[in-house]
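Beneath this line is the structure, given in structure tokens, with notes to follow.
The values are calculated or read from the model by the stated rules, or taken from the named source; none is laboratory data. None of the values given here were measured: they were computed from a predicted structure. Don't worry about glycine lacking a Cβ; one is built from the backbone with ideal geometry, like all the others, and counts go over all protein chains shown. Side chains included, ligands, DNA and RNA excluded: accessible areas come from the protein's heavy atoms. Shrake-Rupley method; radii C 1.70, N 1.55, O 1.52, S 1.80 Å.
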Amino acid sequence: MAAEASPGLRILLHQHHKDRAPAHISSHADRDRVLEIFKSALSKSGPPSEFALQTVQVAIKPQRQTVLVQDENQSLENALRTLLQELVSSAVQSGERIMQYGQLIDDQESGLGHIPRLLDIVLYLCERGHVEGGMIFQLLEDLTEMSTMRDCKEVFGYIESQQDILGKQELFGRGKLVMLRTCNQLLRRLSKANDVVFCGRILMFLAHFFPLSERSAVNIKGVFNTSNETKYEKDAPDGISIDFNFYRTFWSLQEHFCNPASTTFAPSKWHKFSSNLMVVLDTFEAQPLSDDDGNANNLEEEEASAFSIKYLTSSKLMGLELKDPSFRRHVLLQCLILFDYLKAPGKNDKDGPSETMKEEIKSCEERVKKLLEMIPPKGKEFLNSVEHILEREKNWVWWKRDGCPPLEKHPTEKKAGHDGLKKRKPRWRLGNRELSQLWKWADQNPNALTDPQRVRTPSVMDYWKPLAEDMDASAGIEEEYHHKNNKVYCWKGLRFAARQDLEGFSRFSEYGIEGVVPSELLPPEVRSKYQSKPSEKSKRAKKEDESKEPAQQLEDNQIATPATDIDGGGNGAELEDVATPMDADAAIQSGAPTPEEKQSPSGELEAEAEAEAGIIDGESDTEADAVVVPS
């Protein structure tokens, strides 16, 4: 049935294939064509920027002009990895070094081989974003895997020379894991005893290539290298001249240095370690080193020429090693590192040592520091350096405990002016922008001060309304929410009352802040509570009024007598003569102080005020009579 399909169906399928976009098909012919194009590009002179992009466009024919899509990147990467493999194979067959293969004889100093030339082209394409950024890292990993350790040193030299470009953000994010894997594979292949310098180069490169807060380089869990075992003799050999028990006790300390966590969790191990350490410290104290022992072993020259990472553990060498200042320093330094780990600040109370263990650690640490200070040469300087390093190590412990937060602080970008010059800082008329804007706004709004909606000082009646509502029991406002508990509100209210309501302000001393509230705002049942009661001052004023009544009656009688004379036909001159002594008598009589007024200064002031009022009243009455009577 399938073979006898209708012609109409075949036509539809054929049209469907025509409408689809042509997919990139990878074949051996296409791959060979790409390889030939790149091989011809390797022989070109000049920087890669002149021909690299044109080479990719001719080889791949991308859908876009300058950027490859995912399938095109994968096809190009496969072709370049194949080309790199062929170049390495050709270099091995010819017996040449892979990084010098294809280099011209006449241009050995400045010329490059085919492989460095290929790496430069790919690095330029990755840096400009024409191809995927991780392609160069993949080629470098393949190259190190196909090379011997002798050639790997030259390959790694190329990596070090291009460190700045490889460390750019657009490339680092794509290839940091590949580079880390490449370096770790190299470290595994290298000998820690014979290739110390090359291992150091790799570690230094990783330290510069990765940021300081990179978590991949941090031992977050605090795992120890327990595989680093120190093997020593268990049975005493024949003809040994030293104490073999001390020999085993001394080298058994390395088991605790290798895994300090086991020493903390197991009390029996700690007691064993502390007892063995006491034996070693007693031996060091019993056999101190002299200055001649320190001068006989030049530590600076020894450290510069020695590459061994572990001391020999033969029992025959024990006597010589005990006389070596460097050997003693290494062992005592291990003790300080162990103590620093046991009392690390990042540990919890459960994981930390017990109180008895802390005391033992403190005593042992003091003994170790004294021994380090006694070891020649420059024992005190060496101890100070060690203490400084251990103190700085605490900062890293806290940093790891907090989750390794980033330490880098990126600089803030400063925006320059159009001409690349710094913009001049504006000068404000009144010191800053806000004050100048406020002043300008006032000039543009002349009616701002007369606006009824502007902020103004409220009247006393309006201000005390909230407190009057609190005092009303029917409102049901709880005591803690009353306005009288607000100190700022009460202070402002007293200032308003002192300016606008002196009578209410005077009630503050007797009734508190609630007494200042005007009585018009209070309900009747509350108003009676705060009505003014007769005080001592009011009583005194009442007595003064009673004492003034007889003097006032006498004055009225004296004034009435001349009035009768005037009615009988007296002239104006006589009226003035009579009025003057009567006014003086009234002033004297009304100004006579009572015994109570003599005792208080306020009474004198009130008497003087009342005397002036009496004189003025007397004159006004007399003048009124003089005007009424006709001449």
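Based on what the data block shows, is Leu186 within 18 Å of Phe51 (Cα to Cα) and in a helix (DSSP H, G or I)? Spelling it out, it is not the case that Leu186 is within 18 Å of Phe51 (Cα to Cα) and in a helix (DSSP H, G or I).
Reported count of residues in region 496-531, each being farther than 12 Å from Met461 by Cβ and open to solvent by 30 Å² or more (accessible area, probe 1.4 Å), is 18.
Residues that are open to solvent by less than 20 Å² (accessible area, probe 1.4 Å) and either at pLDDT 80 or above or acidic (Asp, Glu) (or both): does region 284-303 have at least one? So far as region 284-303 goes, yes, one or more of its residues are open to solvent by less than 20 Å² (accessible area, probe 1.4 Å) and either at pLDDT 80 or above or acidic (Asp, Glu) (or both).
For the subset of region 231-256 comprising residues that are outside any helix (DSSP H, G or I) and of a type in the set (Ser, Thr, Tyr), which member is surrounded by the most Cβ atoms within 10 Å (Cβ to Cβ)?
Ranking the candidates gives Tyr232 first.
Condition check ((1) modelled with pLDDT of 65 or more; (2) within 27 Å of Ile121 (Cβ to Cβ); (3) open to solvent by 60 Å² or more (accessible area, probe 1.4 Å)) across all residues:
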position	(1), (2), (3)
Pro7	no, no, yes
Arg31	yes, yes, yes
Ala41	yes, yes, no
Gln70	yes, yes, yes
Glu77	yes, yes, no
Leu80	yes, yes, no
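Looking at region 130-149 only, could you name the residues that are outside any helix (DSSP H, G or I), touching a residue at least 12 places away in the same chain (Cβ under 8 Å) and open to solvent by 40 Å² or more (accessible area, probe 1.4 Å)? Lay out the reasoning, then the answer.
Residues of region 130-149 outside any helix (DSSP H, G or I): 130-134, 147-148.
The next check asks that each one be touching a residue at least 12 places away in the same chain (Cβ under 8 Å); those that pass are 130-134, 147.
If the condition is that a residue be outside any helix (DSSP H, G or I), touching a residue at least 12 places away in the same chain (Cβ under 8 Å) and open to solvent by 40 Å² or more (accessible area, probe 1.4 Å), then Glu132 is the only one that fits.
Note on region 90-123: residues that are part of a helix (DSSP H, G or I) and either within 25 Å of Lys168 (Cβ to Cβ) or modelled with pLDDT of 95 or more (or both) total 9.
Here Asn228 fulfils each of the conditions (1) over 39 Å from the mean Cα position of the chain (by Cα); (2) within 30 Å of Asn395 (Cα to Cα); (3) surrounded by 13 or more Cβ atoms within 10 Å (Cβ to Cβ) apart from (3).
There is no residue in region 355-368 that is among the polar types (S, T, N, Q), within 40 Å of the chain's Cα centre (by Cα) and either under 24 Å from Phe224 (Cα atoms) or open to solvent by less than 30 Å² (accessible area, probe 1.4 Å) (or both).
Would you pick out the residues in region 200-225 that are open to solvent by 90 Å² or more (accessible area, probe 1.4 Å) and part of a helix (DSSP H, G or I)? Correct list: Leu203, Met204, His208, Arg215.
Selection of region 150-195 for residues being open to solvent by less than 50 Å² (accessible area, probe 1.4 Å) and either within 26 Å of Lys310 (Cα to Cα) or in contact with a strand residue (DSSP E or B) (Cβ under 7 Å, 6 or more places away or on another chain) (or both) yields Cys183, Leu186, Leu187, Leu190, Ser191, Asp195. What about Gln453, is it open to solvent by 100 Å² or more (accessible area, probe 1.4 Å), under 28 Å from Gln500 (Cβ atoms), at pLDDT below 85 and out of contact with any Gly (no Cβ under 8 Å at 6 or more places or on another chain)? For Gln453, the condition - open to solvent by 100 Å² or more (accessible area, probe 1.4 Å), under 28 Å from Gln500 (Cβ atoms), at pLDDT below 85 and out of contact with any Gly (no Cβ under 8 Å at 6 or more places or on another chain) - is met.
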